[in-house]
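Take a look at the structure below.
The values are calculated or read from the model by the stated rules, or taken from the named source; none is laboratory data. Every value quoted in this text rests on a predicted model; they were computed, and no experiment measured them. All Cβ positions, glycine included, derive from the backbone under ideal geometry; neighbour counts span all protein chains shown. Side chains are part of the model used for accessible areas, which takes the heavy atoms of the whole protein and leaves out ligands, DNA and RNA. Shrake-Rupley method; radii C 1.70, N 1.55, O 1.52, S 1.80 Å.
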Amino acid sequence: MRDYPGTPLQESLIELSDSSLNKMATDMFLAVMRFMGDAPLKGQSDLDVLCNLLKLCGDHEVMRDECYCQVVKQITDNTSSKQNFRTTQLVPLLLPALGLTCRDLYTISAGSPFPRSLPREIPHLLDSCQRGWRLLYIVTAYHSCSEVLHPHLTRFLKDVSRTPGLPFQGIAKACEQNLQKTLRFGGRLELPSSIELRAMLVALDVIEEICAEMALTRPEAFNEYVIFVVTNRGQHVCPLSRCAYILDVASEMEQVDGGYMLWFRRVLWDQPLKFENELYVTMHYNQVLPDYLKGLFSSMPANQPSEQLLQQVSKLASLQHRAKDHFYLPSV
């Protein structure tokens, strides 16, 4: 028994008599590590690695249980000595059903439950575990497991989704639903697109991608933006932790308020404004517009305003009037 491995497996987790299948299993585990960020991609993209995994499971049915066990292995007790994180203690549930090699599984190290409130700096470990859950979510939509593994895998997912204090409850529930649909109707046939991968994000991913679209690349810029979840018709606004998994948030909010929204807002203004990027300008403009129209940004000089200032204010007011598709003359 050993902890979360930092190196690829030397043999399959499930007992396989065929040496070629055993080699296939070790290659599969390396692919799992690459998708999770625990091994270099070697010139491949995340999508390349994922599609190769799905094709392998599609071509060799016996490898599907192996794939499930490998992914579960990677997301269970994915720990860090610095953070002392613990995800779950459920991998032993798979042992009665399958001939898993004990030396390639690992014990659960002692430690406090995974904290609800995480530090702002997201460690590589947490990102690895999040990506592992994303992989499991995708695999469950494409390939079923054996009848032997099914009750144990289902119990694993149920326990994660229903145990208070454990992370990834939302995506565990989604994995369970995917698995049931796949068993009943068959898995998806078309391989996933890069857009699908981008949709499975944590809050920090969203912030970084939107910032990139606004031509912002420095970490100091990322720190000025936050994702908010808005409920109760805009009356309740709450910032999301940067490592909050969007599927978890959506799952929780749907039970509380089906009309929830997610807002992307700038909360710090240390970095200078820039006007070269259209999305940047549009985003900032729409954020400050309500306060501007309420007069909260009014700042008049002590002396009589200059003609240039009056012209600028007048032009902005007319543009606001026209932007509302109003053709009549505005009143003073």
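Below, the figures for the structure above:
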| quantity | calculated |
| --- | --- |
| Odd one out for Ile14 among (1) modelled with pLDDT under 90; (2) open to solvent by less than 40 Å² (accessible area, probe 1.4 Å); (3) closer than 21 Å to Phe168 by Cβ | (3) |
| Boolean, Glu254 is at pLDDT below 90, under 26 Å from Cys175 (Cβ atoms) and open to solvent by 70 Å² or more (accessible area, probe 1.4 Å) | yes |
| Count of residues meeting criterion [closer than 26 Å to Tyr137 by Cα and of a type outside the set (D, E, K, R)] in the stretch 188-225 | 16 |
| Pair list, Cβ under 9 Å, 6 or more apart: the stretch 245-265 residue touching a residue at least 12 places away in the same chain (Cβ under 8 Å), other residue open to solvent by 60 Å² or more (accessible area, probe 1.4 Å) and acidic (Asp, Glu) | Tyr260/Glu254 |
| In the stretch 272-289, residue farthest from Ala323 (Cα to Cα) [restricted to those that are under 27 Å from the mean Cα position of the chain (by Cα) and either in contact (Cβ under 8 Å) with a residue 40 or more places away in the chain or surrounded by 13 or more Cβ atoms within 10 Å (Cβ to Cβ) (or both)] | Asn277 |
| Residue within the stretch 290-298 that is surrounded by fewer than 11 Cβ atoms within 10 Å (Cβ to Cβ) and at positive phi present | yes |
| Number of the condition not met by Phe275 [criteria: (1) modelled with pLDDT of 80 or more; (2) part of a loop (DSSP other than H, G, I, E, B); (3) in contact with a Leu (Cβ under 9 Å, 6 or more places away or on another chain)] | (3) |
| Candidate set from the stretch 212-233 (those that are open to solvent by 20 Å² or more (accessible area, probe 1.4 Å) and among the aromatic types (Phe, Trp, Tyr)); member that is farthest from Asn277 (Cα to Cα) | Phe228 |
| Helices (runs of 4 or more DSSP H) lying entirely in the stretch 70-188 (those with 3 or more residues that are modelled with pLDDT under 50 and more than 20 Å from Ala39 (Cβ to Cβ)) | none |
| Answer residue from the stretch 237-251, given it is in contact with a strand residue (DSSP E or B) (Cβ under 8 Å, 6 or more places away or on another chain) and not in a helix (DSSP H, G or I) and is surrounded by the most Cβ atoms within 10 Å (Cβ to Cβ) among those | Tyr245 |
